[in-house]
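Working notes, beginning with the structure itself.
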Amino acid sequence: MHPIALRCIRCGTEYPPNDAFGGCERCESLGKPTNLQVIYPEDELIAAARRIGRATRQPTDMWHYRDLLPVDPDNVTTLGEGGTPLLAVPRLGAAIGVPRLYVKDESRNPTGSFKDRLGAAAVSAARQLGRQAVVGSSSGNAGAALAALAARAGMPCVMFTTQDFPLAMKTQMGVYGTYLLAAPTIRDRWNLMEAGVRRYGWFPVTVYRYPFFGSNAYGIEGYKTIGYEIVDQLDGPPDAIVFPVGAGDAFSGTYKALTEYARAGVIDRVPTMHAAEVFGPLEQALATGSDVVQEADTHGVTTVAISVGSTMSTYQALDVLQRTGGAARSASNAEMLAAQRDLAALEGIWVETSSALAVAALPKLVRAGALDPEGVVVAVLTSTGLKDPETTAANLPPIPSVGADFETAAQTLQEIYRFDPANQNPTHTDPTNRNPGTLRSTT
């Protein structure tokens, strides 16, 4: 579908659809940085949504929704991203008091994260707009995704990063052949990226200004497919969706999809959307009634959630919370690590600690009365634990050594793991009991 404009989320000012990637100039001049959204002819959008929405055929990849995206078939660049599973997690749900809990497992994407949707949509749009190179600023999932999709398209990719990020992320970005450059600081890498955009016309995909407003509007269209998939896989909308939120790109994109489905009559309501964050800038904005998200003061606190561990967020994320009546809650390192262990040990799903943030925030949302524990709730898991195995490994207990005889092994199972090999209880639900998590029933 061909876009007709890029529209400011805050003030509604419209810009040409081919080169306005620096956010809304009008809002920026007022000190209120705001992202733009891709706008289509409404009649074409509604017709496509009605044709595709809740179809008998389940989505196998994000391009199942190609007619709702701004890319012609000839320019689609794909590694098979999207079509990720929506899994019921009854054991985890029972443990935390949300029995109808599902997880949208974005770790199944080609490079292991939801950012593949951003990368695929952005690289495809860059080809359609005739751009010759793409550029990003990342120390993690966005960089890996953009590098992989650019390689797939045969397009040069420049990535500004820093030296301080996990080896797995660094290796993944490097192996795809991206032109990887380490800047002194995060703000330096944004400035360098912006210089490349202005000087050479590189197609910008990720955040690159301070205060930031969000990623490329065309890339965010790829995130819409998370929302479409959740509805189509459930055969209807859930009551609530919980996201790990940094800049809120996927949060905003998913909301846009849900509103498109609602306008087309595919769903009769838009779910409440909640933000799980690290340092609480959105929670602070909601509490004060501000329409500008201020940077949070962390007092030097560090986080294990490197992918969303930002002290800032965006108006686009705040707008979703305000429009859906959602709430924002943060979680500590201990709570995220506990959620990560519980997901893995109770449901067999190992995700990055940033992803586990969505689960770690659930009990707090319930206690605050923001989330109905009896409703259908979807927690979005954004990336695989293989992105940062060092953090997980550092918080696991050592493996006990045993002798060569089985009696020693059986005794150790009982003493260390509290597992009786002679009495294998089929109702056993907590294999993490040697190093238990903190996320337990709120009732």
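Bear in mind that the values in this text are calculations on the coordinates, not laboratory data. Note that the structure is predicted; figures quoted are calculated from it, not measured. Positions of Cβ are generated from backbone atoms using ideal geometry, with glycine treated the same way; all protein chains shown enter the neighbour counts.
Details
- Relative contact order computed over segment 273-345 (Cα-Cα under 8 Å; 6+ residues apart), in percent: 44 percent
- Taking all pairs of distinct alpha-carbon atoms in segment 278-329, Kirkwood radius in angstrom: 11.4 Å
- Considering only 399, 220, 96, the Gaussian network model of the chain with Cα springs below 10 Å gives its largest mean-square fluctuation to 399.
- Sites matching trypsin sites (Lys or Arg not before Pro) across segment 208-292 that sit in DSSP coil, with at most 14 neighbouring C-beta atoms within 10 Å: 269
- Antiparallel %, DSSP beta bridges [both residues in the chain], to 5: 30 percent
- Rounded to the nearest whole Hz, the Karplus-based 3J(HN,Hα) values (6.51 cos²θ - 1.76 cosθ + 1.60, θ = phi - 60°) of segment 101-113 follow the sequence 8, 10, 10, 9, 8, 6, 5, 7, 5, x, 9, x, 8, with x at glycine and proline.
- In sequence order, calculated HN-Hα J values of segment 369-381 (Karplus, 6.51, -1.76, 1.60; Hz; x Gly/Pro): x, 7, 10, 6, x, 8, x, 7, 10, 10, 9, 8, 9
- Percent RCO, i.e. relative contact order, over the chain, from Cα pairs under 8 Å lying at least 6 residues apart: 17 percent
- Taken about its Cα centre, the chain carries a charge dipole of roughly 580 debye when the Cβ of each Lys and Arg holds +1 and the Cβ of each Asp and Glu holds -1.
- Farthest positive-ward along the chain dipole, Cα basis, beta-carbon charges - from 93, 218, 264: 218
- Residues whose amide H comes within less than 5 Å of that of residue 213, counting only those at least five positions distant or on another chain, are 208 (H built at 1.01 Å from N in the peptide plane).
- Highest-MSF residue in the chain out of 298, 353, 314 [GNM, Cα springs under 10 Å]: 298
- Distant-in-sequence amide H partners of residue 34 (H built 1.01 Å from N, under 5 Å): 24, 28
- Value of relative contact order over segment 186-303, rounded to a whole percent, pairs C-alpha under 8 Å and six or more apart: 19 percent
- Working note: Cα atoms of segment 215-254, range along each principal axis, descending, whole Å: 30, 18, 9.
- Among 45, 396, 282, the largest mean-square fluctuation in a Gaussian network model of the chain (Cα springs under 10 Å) belongs to 396.
- Per DSSP, loop GluC sites (Glu not before Pro) in segment 19-54 with at most 16 further Cβ within 10 Å: none
- Taking the C-alpha atoms of segment 1-92, convex hull volume expressed per residue in Å³: 169 Å³
- Unit Cα scatterers, Debye sum, the chain: log10 I(q)/I(0) for q = 0.10 Å⁻¹: -0.67
- Relative intensity of segment 288-405 on a log10 scale, I(q)/I(0) at q = 0.10, 0.19, 0.21 Å⁻¹, equals -0.38, -1.16, -1.32, per a Debye sum over C-alpha point scatterers of equal strength in the absence of solvent.
- Rounded to 10°, Cα long-axis angle of helix 315-324 versus longest principal axis of the chain: 70 degrees
- Each residue of segment 280-294 was assigned a 3J(HN,Hα) from its phi angle through the Karplus expression (A = 6.51, B = -1.76, C = 1.60, θ = phi - 60°), giving x, x, 6, 4, 5, 5, 5, 5, 8, x, 7, 9, 10, 7, 8 Hz with x at Gly and Pro.
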